[in-house]
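Trainee: One structure follows; several queries about it will come next.
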Amino acid sequence: MPKTLKPKIKILDTNRKDNEEFMISLCHRNIPTKFQYWGNKETQNWLDVCKDPQYINWQLEIDLLSTDLPEIVKLVNPKVKNLVSLGIGNGEKDKMIMNAFLKNRPMRYFAIDVSLHMVKAGLKTLQEVPGEKTAYIGDFEHLEKLAPKIRKQTKSGNLISILGNTLGNLDQITTLNFIRRSMDKNDYLLFAVQILEKGKILDIGDILSAYNTKVLQKLSFGAIMRSGLKRTDGVIEIEFGRNKLYPQFNTIEYFFTFKKDKTIKYLNREINFKTGERILTYYSYKYDKKNMTFLLNNNGFEIVRYFFSPGQKYLLALAKLK
Ligand SMILES: C[S@@+](CC[C@H](N)C(=O)[O-])C[C@H]1O[C@@H](n2cnc3c(N)ncnc32)[C@H](O)[C@@H]1O
C-alpha cells in the first residue's frame, strides 16, 4: 500500500497577476468565472453550493461517477497513472476518481486551480488518498506546459479531468484546444457537463431551478464584492438563451445591474459605473448530445464513451485524441 504523502503546493500565478487581471475584467464589465472561486469567501460560496440540495447538478454527477467509474477505469489504458484535475473544488469527485483507479493501479494526483483556498479545502478531502499529490495554483492555461512535463517525469500517461460543468464556465473552444495541445495519443480527457435536449421547456425549467438559487446568486456576485461593491448597489439578473458568440449553444448568464451610479477604486484605478450598466459576473454554457459531439470532433477529439444520467440531463464523457 503506497504511503500517504504530504501534498506539494506550487504557485504559478501570483496574487499580483490575478489582481491585475481582475481589475481589467472589472473595466470590461466581464468577470472570468474563475474569480468566483478565487478567495476565501468565494471558496466558501462554492463549498456551500456543493451542499445545497437545490443544486441538482451536484448529485447527478456524483451518481454518474459512482455508477460509471469502474467502467472508466477499464477503458483507460493501464499506462495512464496520473490524474490531472482542472479544478479541485471540494475534492470529493477527485477522491472518488483516485479511489477507483487505485483499486486497479498506482495513481498520482495533480491539480491546477486558481484558488489556494479551494486547493487547501480539496486536499483536506483527499488527505487519506495514498500516493503523491501536487497542486499548482494558477490558471488552467498552464496545463499546456505542465502536462507534457508531468508525463515525462513520471513516464506515465495523463487522465485530464474537468468536472462540475467547468468546461461550460469557460470559452469551451479555447479550453478544448489547449487541453488537446497538452495531450498525447495515450492520454485521456474526462469531463462532465449539464445537457439539455433542444427546445425542451422541462429541461429549461430544470436549468433555471438549478441555477436560480440563493447560494448560486451569492457565488455569482462573490468576486465583485472584493472591489468594494455592495449587494445593494444593484440587482442580480439571470438570463437564459442562445449565446451571442456561439449561437449553437445556450447559456445561463448572471448580470449585476447597477441601481445607482457608483465609483470604485481597485489597484489605484478608478472605475465608474452608471445606473443601468451591467457586469457579466458568471455564465454557464449548456449543450446537447449533438452539439457536444460536433464540438469534440471538430477540436481534435474522439469519443471513447458517453455516460448519461437517467433522463439524459447530465453527461460524463471520456475522450481521446483523434
Ligand atoms: C465549478 S468548480 C468545480 C470543482 C470540481 N471539479 C467539481 O466538479 O466539483 C470549478 C473549479 O475550478 C477552478 N477554476 C475555475 N476556473 C479556473 C481557471 N480558469 N483556472 C484555474 N482554476 C479555475 C475553481 O477554483 C474551482 O475549484
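Only the coordinates and a few stated rules stand behind these numbers; no lab work does. Here the structure is a predicted model, which means the values were calculated and not measured. Virtual Cβ from ideal backbone geometry, glycine too; neighbours counted across all protein chains shown.
Trainee: With everything on Cα atoms, drop me the angle between helix 92-102 and the longest principal axis of the chain, reported from 0 to 90° to the nearest 10.
Mentor: Roughly 10 degrees, rounded to the nearest 10.
Trainee: Extending each Cα 7 Å along its Cβ direction at LYS322 and ILE271, get the distance between those two points in nm, one decimal.
Mentor: Once both label points are built, they end up 3.9 nm from each other.
Trainee: My understanding is that a pair violates if its Cα-Cα distance is over 31 Å; which of LYS218/LYS244; LYS10/LYS290; LYS8/LYS244; LYS120/LYS286 do that in this structure? Spell out each step's value before the answer.
Mentor: Working: LYS218/LYS244 25 Å; LYS10/LYS290 39 Å; LYS8/LYS244 41 Å; LYS120/LYS286 29 Å.
Going by Cα-Cα distance, LYS10/LYS290; LYS8/LYS244 fall outside the 31 Å limit.
Trainee: Which of the three applies to the stretch 190-322, rounded, prolate or oblate, going by the alpha-carbon gyration tensor with a ≥ b ≥ c and a/c under 1.5 meaning rounded?
Mentor: Values: a/c = 2.68, a/b = 2.04, b/c = 1.31.
Verdict is prolate for the stretch 190-322.
Trainee: Turning to a different aspect of this structure: Going by how many other Cβ atoms sit within 10 Å of their own, how do ASP94, ASP184 line up, fewest first? Walk me through the intermediate numbers first.
Mentor: Working: ASP94 24, ASP184 11.
Ordered from fewest to most neighbouring Cβ atoms within 10 Å, ASP94, ASP184 come out as ASP184, ASP94.
Trainee: Which angle from 0 to 90°, rounded to the nearest 10, does the C-alpha axis of helix 172-182 make with the longest principal axis of the chain?
Mentor: Roughly 30 degrees between the two axes.
Trainee: To the nearest µm²/s, what D does Stokes-Einstein give for the chain at 25 °C and 0.890 mPa s, using the Kirkwood radius over alpha carbon pairs as Rh? Write down the numbers at each step before the final one.
Mentor: Details: Rh = 20.3 Å.
In µm²/s, the coefficient rounds to 121.
Trainee: Please say if the stretch 121-188 is rounded, prolate or oblate, where rounded means a/c under 1.5 for a ≥ b ≥ c the square roots of the C-alpha gyration tensor eigenvalues, and otherwise the choice is prolate for a/b larger than b/c and oblate otherwise? Don't jump to the answer; show the numbers that get you there.
Mentor: Working: a/c = 1.95, a/b = 1.17, b/c = 1.67.
It comes out oblate by the Cα gyration axes.
Trainee: Another question, then. For the chain, take the longest principal axis of its alpha carbons; what is the angle in degrees between that and the long axis of helix 214-225, to the nearest 10 within 0 to 90?
Mentor: That helix lies at roughly 70 degrees to the long axis.
Trainee: Please identify, among ASN297, ASN268, ASN243, the residue showing maximal mean-square fluctuation in a Gaussian network model of the chain using a 10 angstrom Cα cutoff.
Mentor: ASN268
Trainee: Return a whole-number percent for the relative contact order of the stretch 100-208, with Cα pairs under 8 Å and 6 or more residues apart as the contact set. Numbers along the way, then the final one.
Mentor: Working: 100 pairs, mean separation 25.9, N = 109.
Here the relative contact order equals 24 percent.
Trainee: Assign one of three labels to the stretch 54-177, namely rounded, prolate or oblate, based on the Cα gyration tensor with a ≥ b ≥ c the square roots of its eigenvalues; rounded applies when a/c is under 1.5, prolate when it is not and a/b is larger than b/c, and oblate otherwise.
Mentor: On the way: a/c = 1.28, a/b = 1.03, b/c = 1.24.
Since a/c stays below 1.5, the shape of the stretch 54-177 is classed as rounded.
Trainee: By a straight-distance test (C-alpha under 12 Å), which aspartates and glutamates pair with LYS322 as possible cross-link partners, with residues fewer than eight away in the same chain excluded?
Mentor: LYS322 reaches ASP184, ASP187, GLU302.
Trainee: Related question: Once phi is turned into ³J(HN,Hα) by the Karplus curve 6.51 cos²θ - 1.76 cosθ + 1.60 with θ = phi - 60°, what whole-Hz value does each residue of the stretch 40-49 show in order, with x for glycine and proline?
Mentor: Here the 3J(HN,Hα) series is 5, 5, 5, 4, 4, 4, 5, 4, 5, 4 Hz.
Trainee: Let me ask something additional. Using Cα pairs closer than 8 Å and at least 6 residues apart in sequence, work out the relative contact order for the chain, in percent.
Mentor: On the way: 606 pairs, mean separation 71.1, N = 322.
Relative contact order comes out at 22 percent.
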